[in-house]
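> Take this structure first; my questions come after.
Derivation of every value follows stated rules applied to the coordinates shown; laboratory data play no part. Source: prediction; values computed, not measured. Every residue, glycine as well, gets a Cβ built from its backbone with ideal geometry; the counts of neighbours run over all protein chains shown.
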Amino acid sequence: MARIRVLVVDDHRIFAESLAAALAAEPDVDVSAAGSGPAALRALERAAGEGRRFDVLLVDADLGTVAPDVVPGQLRGQDGPGQGEGVVDGISLVAGVRSGQPAVRTVVLAERDDPRRAAAALQAGAGGWVAKDCSLSRLLAVIRGVLRDETHLPPALLTGVLRELTAARKHRTESERLVESLTPREREVLRCMVAGLGRKAVAERLYLSPHTVRTHMQNVLGKLGVHSTLAAVALARRAGVGPVDLAGNVVERGGQLA
């Protein structure tokens, strides 16, 4: 019998351990639990190194919080005061797993229906959004379904999620059009902004004067129709513009290098 390896990721220990115990009673399921995003990442890496990858992650939709400048390639825990590890939120964990271990399927467990967050989870790579109070048989059906590359949503969420995805596609198209209006140098500056570099750091990286960088940044904001660096970065990410690789390359989500 082919066994399914499941990792439950939830910072509510009682819930995580109870769900893990219920799943472990199934004859074809092996299950482990992690109490945070960084702990889940460590478990995934350890399992992959031992040649026994997890098949499915069950991730709490309300798992932790994450700083707004964290991107999937940077999902690593950092020691923090009194925590012993950093914090990674549920949707970012889904995106990081999708990027680093695409064969692993993810299902988000939610306390409440939320079309916007469910759409974000699907965009991040989740295969399903399931209520925490659903039956065990329903959850097992979703687990087995995502392993067949099915997408599972509660029927009541379907219309709202489709509306959110349509709106996101429209915003992305408009954002792409605005980014295309930038000159090659302005796009370089924008990618540096996405990477969180300040004016001085951008000037040093691009061998420009701070005054010239300031002019480029003002032009970027004007052409994108925004009034702050944070708004420019948000628009850039919607358009698929990735951060400049601080090791030397410029990266976009499509994998192309500038």
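> Residue separation times 0.36 nm, minus the C-alpha to C-alpha distance between Ala234 and Ala22: what's the value?
Once the chain is fully extended between Ala234 and Ala22, it gains 72.2 nm.
> Normalised by the residues of segment 165-239, what does the relative contact order come to in percent, with Cα pairs under 8 Å and at least six apart?
It comes to 44 percent, rounded to a whole number.
> Sticking with this one: Quick one: if you stick a label point 7 Å off each Cα along the C-beta vector at Ala156 and Asp113, how many nm between them?
About 0.4 nm separates the two model spin labels.
> Also, I was wondering about something else. Mind checking the full-extension length gain between Asp133 and Arg148? Use 0.36 nm per residue of separation minus the Cα-Cα distance, one decimal, nm.
The Asp133-Arg148 span can extend by a further 3.1 nm.
> Within 10 Å, count the other beta carbons around each residue, average over each peptide in 124-134, 41-51, and list them highest first.
Going by the mean number of other Cβ atoms within 10 Å, highest first, we get 124-134, 41-51.
> Further, regarding this structure: Along the positive direction of the dipole of segment 1-51 (beta-carbon charges: Lys, Arg +1; Asp, Glu -1; about the Cα centre), which of Leu44, Val8, Val31 reaches farthest?
Result: Leu44.
> Among Leu235, Tyr207, Ala167, flag the residue with its Cα farthest along the positive direction of the charge dipole of segment 165-239, charges on Cβ as +1 for Lys/Arg and -1 for Asp/Glu.
Going by the Cα projections, it comes out as Ala167.
> Right, next: Among 148-155, 16-23, how do they line up by average Cβ neighbours within 10 Å per residue, starting with the highest?
Sorting 148-155, 16-23 by mean packing, highest first, produces 16-23, 148-155.
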